[in-house]
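Single-structure report; data block below.
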There are 2 protein chains.
Amino acid sequence: MAITLEDLIRIARGEDEADLVLKNARVVNVFSGDIHVTNVAIASTRIAGLGDYRGKVEIDLDGAYVCPGFIDGHVHIESSMLRVPEFARAVLPHGTTSVVIDPHEIANVLGFDGIRYMLESSKRNPFSVYVMVPSCVPATDMETSGARILPSDLALLLKENWVQGVGEMMNYPGVLFREPSVMAKVRAAAGKRIDGHAPGLSGRDLMAYIAAGVGSDHECTRVEEAKEKLRMGMYIMIREGSTARNLRDLLPLVTPATARRCMFVTDDRHPLELLEEGHLDSIIRTAIASGLDPIIAIQMATLNPAEYFGLLDRGGIRPGWRADLVVFDNFMDFRILKVLRGGQIVAERGRFVGSLSPHNPAIVRSSMNVHPPSISFAVPARGNRIRVIGLVPGQIVTQQLIMEPKTDGEFVVSDTERDVLKIAVVERHQATGNVGLGFVHGFGLKRGALASSVAHDSHNIILVGTSDDDM
Amino acid sequence: MAITLEDLIRIARGEDEADLVLKNARVVNVFSGDIHVTNVAIASTRIAGLGDYRGKVEIDLDGAYVCPGFIDGHVHIESSMLRVPEFARAVLPHGTTSVVIDPHEIANVLGFDGIRYMLESSKRNPFSVYVMVPSCVPATDMETSGARILPSDLALLLKENWVQGVGEMMNYPGVLFREPSVMAKVRAAAGKRIDGHAPGLSGRDLMAYIAAGVGSDHECTRVEEAKEKLRMGMYIMIREGSTARNLRDLLPLVTPATARRCMFVTDDRHPLELLEEGHLDSIIRTAIASGLDPIIAIQMATLNPAEYFGLLDRGGIRPGWRADLVVFDNFMDFRILKVLRGGQIVAERGRFVGSLSPHNPAIVRSSMNVHPPSISFAVPARGNRIRVIGLVPGQIVTQQLIMEPKTDGEFVVSDTERDVLKIAVVERHQATGNVGLGFVHGFGLKRGALASSVAHDSHNIILVGTSDDDM
């Protein structure tokens, strides 16, 4: 706390001037569920009080709305392709002042070092980063990931400040079948939160998963599924990411009776959506436009995630709590005019105006470890049928096709005419030379090759090419 | 946890039989705010799941309601005049399975030893006792208490299991004027809760009190007062004790929007009310009869206090949480049929059927330390006017009267004819011989004397007598 308790009390009582007073604010009160016009006094990083205050600096909000800074309860910053400070710069103008991250992706590449890097580079930024330690590295035992996070690693990380618990437990069969390493991870989380990830899990298997201590789920796609999970005590994270979008389907879940157990999260949002649509603000805007009570919508991005994660100094506009505040025009347009984080104005009308620490000492080693000479994409020509992955436009599911191979006599090669291209996964963590090969239809590439090292969850290199040489 | 994680999961999945299944239960779901008919499976001390289960023991509830065990968020067990195990026996048949106690009274007599005694005698009972460490011993600097709790004592006690924070901060001027010892106590509570006690505090002084970290208040008597405190982020404990009864006045505060920040507490309940009216069950019954939504009423005695105090294993019927359950007939009569605590039936139709630990090793020294020969009640007769405390029937406020003294020539004596009796406070902690003397009108005693060592907050002896000899 940058201010002493004594000074905070002095300013709250009006004995001393506040550092900043936001005058004529329409306060969205997430505790009482109503709106009242008042002044908000800020002392250093904290809210001093609401009411009649004088400040060294006074800003007349002229009736604009003020609500608490938004808290994203589940986000993989890696999916934005940005380093943590750049991510802060991207989301702060949208009102997000705290995030709970799960560095699952970087951990699958860099392991413990990757998590440490995220922890370190999360410090000294103009927003708050809480961490859920990835529970599933590798995601399954069938993956060739760059690292393995053991229960002992988890136990160590859980002692860190800012670490709130264990991240999405996607290995739910491991829970249900009581895999020893999964049980050890669950035990390590005692007293902290365990986030869930269990699409479609229901009935007694759901009971067992929750009984193990899993407290939330962000994978619901249907209201009935979400309703069952909420009834059994899970917090429902309504996700609206770049590819997985569940807001419209799940909104009917949210009623005045159930709302306190619901929150909005972004999970994976690509940089383009961050720029064009925004962050939690866009979810709130859409929810309100879809008919959700505006105050409930704001609670779902403020008080509710704070309660779930046990964050005791944020999520509402309350004396003594962090002065993380969002000023916006109205509930319809929901344009964010100002964002304050810890009493400092960090964004004005969509523009980041805070300061990023110029020097961030956190570094990571290069994660790319491939030995090209030892890699071959050759597929010997045997038989006259091959299995081909059939892409379905706009979907993540694929079809299985059986087609005739094109060969150069000795080897099967890509066939741009029929759009049957060679696809490879190249292990890139240990330079083992391991390559997985196949064919894909519907990709549409006519020459050259395309490769990506972003490939969930282990992030080996995926290549598609029109010839082995191009690949 | 009396059951292993693995066994709990096994039973939740239905691989093994549950220990107990409550069949055909109307579950009051505090998460979803609705009621559904299902079976509740219990494994050892825990809820295994809801749904289709077989059990070693099965009890058909035939459509009776089941809700979570009640949690009293603020109670002084000393006020019941009972030791902790006897208190458990008194309140369990009323559905109270967890209490958050503030041993303020015993601490004012026995200090650190008194708190230790309460902590020790709270163990091995058939209900759960959480402790808020008394913040104000003595209550004010004008009191002659039996002990003094220093910030360093507080810091030590706050490390104990079961200690959830610092109890009612009744010395709110000490907070507002930043008394060093009060500031030290507030700092010691960092990361835990601080309960409030600030009748009528409002405006900027309220802001300062909350800014110091005080999270609740149980002293509201008017809706406007409670509304202001709730808006500023305090949890409102609606108290319905023996003398202080605020339920009817404060019920209009509770709406679907504000309810999550409200809970019921008993504070001080005398043994007669415990027997005749009950405990939290009687408050819930009255609230429902007064028109409060029954599910909200039950949330205010279960999920809401659990959330405020950060109790992560109770407050709802959820797999993995404690099997603390209340079975009742209907919302109108609200007769409690069965109470389960940790999966064991501890009460049946108002009768305690659990077992109390036969031997409770916690002991305390005698707290009575008076040296009668050194005590004198003599009031020399000087002048012909005395100030007399005028009692007002049924009120705790008194009047100041000026009356003529009755003397035996040398000394002022009690006058039963005009009902002007001598009243004394005798210091009884250190045998100092200190005596405070006065007169009281309206007490009505005609012969002998009456004394009490229960006298809030320092519990010195108060006597009223018809003659010095009787006293």
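The values are calculated or read from the model by the stated rules, or taken from the named source; none is laboratory data. Since the model is a prediction, treat every value here as computed from it, not as a measurement. All Cβ positions, glycine included, derive from the backbone under ideal geometry; neighbour counts span all protein chains shown. In case anyone asks, the SASA skips ligands and DNA or RNA and just uses the protein heavy atoms, side chains included. Shrake-Rupley method; radii C 1.70, N 1.55, O 1.52, S 1.80 Å.
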| note | Of the candidates B:G233, B:A431, B:T407, the farthest towards the positive dipole end of chain B (Lys/Arg Cβ +1, Asp/Glu Cβ -1, centred on the Cα centre) is B:G233
| field | Cα Rg, Dmax (largest Cα-Cα span) when computed across region A:111-183, Å | value | 13.2, 43
| note | The orientation-averaged projected area of the Cα convex hull of chain A, in nm², is 24.6 nm²
| query | Residues of the protein assembly as shown: accessible area per residue at 1.4 Å, in Å²? | reply | 40 Å²
| note | In region A:135-183, the residues losing 50 Å² or more of accessible area (1.4 Å probe, heavy atoms of protein chains only) relative to their chain alone are A:R178
| remark: Within region B:173-199, the residues whose backbone N lies under 19 Å from a label point placed 7 Å from the Cα of B:K159 along the Cα-to-Cβ direction are B:184-193
| field | FRET efficiency estimate (nearest 0.05) - Cβ-Cβ, B:T255 to B:H371, R0 60 angstrom | value | 0.55
| said: What does the net charge come to around B:A155 if you take all other residues with beta carbon closer than 12 Å to its beta carbon, with K and R at +1 and D and E at -1? | reply: +2
| request: Return the lysines within reach of B:K422: Cα separation strictly under 16 angstrom, same-chain partners fewer than 8 residues apart disregarded; answer none if there are no such residues. | output: B:K406, B:K446
| DSSP beta bridges in the protein assembly as shown, what fraction antiparallel, as a percent rounded to 5? | 60 percent
| said: Interface size between chain A and chain B, please: total buried accessible area, 1.4 Å probe, rounded to the nearest 100 Å². | reply: 5100 Å²
| field | Inter-chain shielding of A:24-32 (mean C-beta neighbours from other protein chains, 10 Å cut-off) | value | 4
| All lysines inside 17 Å of A:K185 as judged from Cα atoms, apart from same-chain residues fewer than 8 positions distant | A:K159
| region B:5-63: relative contact order in percent, alpha carbon pairs under 8 Å with at least 6 residues between | 40 percent
| request: Of the options A:F331, A:V100, A:S453, report the single residue whose Cα projects farthest towards the positive end of the charge dipole of chain A (beta-carbon charges: Lys, Arg +1; Asp, Glu -1). | output: A:V100
| note | Restricting to Cα pairs under 8 Å and 6 or more apart, the percent relative contact order of chain B works out to 15 percent
| Potential extension, A:D333-A:T144 segment - 0.36 nm per residue separation minus Cα distance | 63.4 nm
| For region A:52-101 versus region A:171-219, the gap between their alpha-carbon centres in whole angstrom | 31 Å
| query | If you wrap a convex hull around the Cα atoms of region A:68-311, how much volume per residue is inside, in Å³? | reply | 112 Å³
| Over what distance in Å are the Cα centres of region B:253-331 and region A:282-304 separated? | 29 Å
| request: Starting from the alpha-carbon convex hull of the protein assembly as shown, give the projected area averaged over all orientations, in nm². | output: 44.6 nm²
| When each pair of different Cα atoms in region A:159-257 is counted once in the 1/r mean, what is the Kirkwood radius in angstroms, to one decimal? | 14.1 Å
| request: Write out the trypsin sites (Lys or Arg not before Pro) in region A:372-424 meeting two conditions: DSSP loop, and at most 13 other Cβ atoms within 10 Å of their Cβ. | output: A:R382, A:R385, A:R418
| Length-normalised contact order of region B:299-418 in % [C-alpha pairs under 8 Å, at least 6 apart] | 11 percent
| task | Express in % the proportion of alpha carbon pairs of region B:372-465 at distances exceeding 20 Å. | result | 37 percent
| said: When the expected Rg is taken as 2.2 N^0.38 Å, what fraction or multiple of it is the alpha-carbon Rg of region B:5-63? | reply: 1.09
| query | Separation between the B:K446 and A:H456 pseudo-spin-labels, each 7 Å from Cα along Cα→Cβ, expressed in nm? | reply | 8.7 nm
| message | Tell me the net charge near A:E240. Cut-off is 10 Å between Cβ atoms, A:E240 excluded, with +1 for each Lys or Arg and -1 for each Asp or Glu. | response | +1
| field | Accessible surface, 1.4 Å probe, highest first, among residues A:D333, A:D415 | value | A:D333, A:D415
| field | Backbone N under 19 Å from the A:T416 label point (7 Å along Cα→Cβ), restricted to region A:422-444 | value | A:422-424, A:439-444
| request: Quickly estimate the mean residue ellipticity at 222 nm for the protein assembly as shown, helices only: each DSSP H run with n ≥ 4 gives -39500 (n - 2.57), and the total goes over all residues, rounded to 500. | output: -6000 deg cm²/dmol
| request: Measure off, as a whole percent, the carbon and sulfur share of the 1.4 Å-probe accessible area of the protein assembly as shown, all protein chains present. | output: 50 percent
